[in-house]
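Report on one structure; see the data block that follows.
Values in this text are rule-based calculations from the coordinates and carry no lab data. Predicted model only: the values in this text are computed from it and were never measured. Quick reminder, even Gly has a Cβ in these numbers, built from the backbone with ideal geometry, and neighbours come from all protein chains shown.
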Amino acid sequence: MPIHKKLFIPGPSEVRTENLLAMAAPQIGHRTPEFKVLYDQIQVNLQKLLYTKGPVFTVTSSAFGVMEGAVRNLCHKKCINFSNGAFAKKWHNVTKACGIDCDIHEVEWGKAIKPEMIEERLSTGKYDCMTLVSNETSTGVLSPLAELAEIWKKYPDVSVCIDAVSAMAGTKIEFEALGLDVLLAGLQKCFSLPSGLTICAVSPKALEKSKTAKNKGYYFDFLEYQKSHEKSNTPTTPAIPHLFGLKAQLDFIIDEEGLENRWARHEKMATVVQDWALERGFSLFAEDRKYCSKTLTCIDNRAVKINVAQLNVDLKKHYAMISNGYKDLKELTFRIAHMGDTTMIDIYGLLRVIDEILGF
Ligand SMILES: *Cc1c(COP(=O)(O)O)cnc(C)c1O
């Protein structure tokens, strides 16, 4: 087995031993009454987590499967993909790869998506579907969903699909209040569980629209998921160990830690990491501190110029790992994730060790 380095990378994140053990429970049949109980317990807590009374699907796939599914179910005319980083850009490429007519609204990396950009595009009347990455993991930018929602709510015929992969379960996102149609995330980021399952809330409007979708395929057909959901089940054999892990983790999040405490802890970790960076002469890659992600911090390294690759080599000796910048941003930036079950103690410990290594 590889040596256990504590992961401060934006996914996969650390998984607590309790949850790993929960996943090691003996298998159950997925068409049995026990499974129904498991499914229902998970469902109730997912609805609390996402502030919705509607269905929240558990899809055995990485997030991009459901990102593809979202546009295949909900784009019948033309899609606008808003992009301020690598994951958003990739969603545009995935939309194109599905043969869907689409445009991209691109802004410089480090910038947030703003209300006027949504207005500019949706007011053309050309689009019936939009995609947006709420928390851009490549740049550490969190777009202001509440402000954006005021715009898209004026265009009810446009399906609003949100990638919250690196925010869900770490940042409060109110599905119904924000007027969303699809909100999705994998387990390997702020859920602090192993990768393999994608959580996806869908609106009644999205389910209705899916009925007339052409060429949506089978595996990510929302109606198939809905039909099974009504029987507390999934269309195909799910990743049962992940569901055991998710059950245990949701019990922890909702009943032990509490949602408000969890959101507050992420805010606190973000503030501590941002302050640490600024006090050492770095700047933050996000255009403005108010758009900084709560779950990871992307630090601009251009003024201080530490050797990020070497820092990670040194951190390995302390059984920890952070992330270099994403692709072209390598060495120009580096990223410290503070997501999922990472604690204040973990963060203070990591920053202390980095100070020691760098001689700050
Ligand atoms: C990690 C990440 C993804 C990738 O998800 P997969 O599970 O690898 O498909 C997508 N979007 C964002 C914002 C991410 O951070």
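Considering only segment 122-143, I want to know if a residue exists there that is acidic (Asp, Glu), surrounded by fewer than 24 Cβ atoms within 10 Å (Cβ to Cβ) and more than 27 Å from residue 65 (Cβ to Cβ). Reasoning before the result, please.
Applying the first criterion (acidic (Asp, Glu)) to segment 122-143 yields 128, 136.
Checking the rest, the ones that are also surrounded by fewer than 24 Cβ atoms within 10 Å (Cβ to Cβ) come to 128.
This time we only want the ones that are more than 27 Å from residue 65 (Cβ to Cβ), so: none.
So far as segment 122-143 goes, no, none of its residues is acidic (Asp, Glu), surrounded by fewer than 24 Cβ atoms within 10 Å (Cβ to Cβ) and more than 27 Å from residue 65 (Cβ to Cβ).
Cβ contacts < 7 Å: first residue farther than 16 Å from residue 29 by Cα, restricted to segment 226-237; second residue part of a helix (DSSP H, G or I), any location; separation 6+ or different chain. Result?
226/207
Determine which member of the set 100, 28, 42 is part of a helix (DSSP H, G or I), farther than 30 Å from residue 317 by Cα, away from the ligand (no atom under 14 Å from the Cβ) and not charged (D, E, K, R). I'd like the intermediate steps shown before the answer.
Numbers: 100 fails: part of a helix (DSSP H, G or I); 28 fails: part of a helix (DSSP H, G or I).
Among 100, 28, 42, only 42 is part of a helix (DSSP H, G or I), farther than 30 Å from residue 317 by Cα, away from the ligand (no atom under 14 Å from the Cβ) and not charged (D, E, K, R).
Looking only at segment 216-260, which residues are of a type in the set (A, V, I, L, M) and either in a loop (DSSP other than H, G, I, E, B) or loosely packed, with under 13 Cβ neighbours inside 10 Å (or both)?
Step one: filter segment 216-260 for residues of a type in the set (A, V, I, L, M), giving 223, 239-240, 243, 246, 248, 250, 253-254, 259.
Answer for segment 216-260, where residues must be of a type in the set (A, V, I, L, M) and either in a loop (DSSP other than H, G, I, E, B) or loosely packed, with under 13 Cβ neighbours inside 10 Å (or both): just 239.
For residue 82, all conditions in the list (1) outside any helix (DSSP H, G or I); (2) within 15 Å of the ligand (Cβ to nearest atom); (3) in contact with a Phe, Trp or Tyr (Cβ under 6 Å, 6 or more places away or on another chain) hold save one; what is the number of the exception?
(3)
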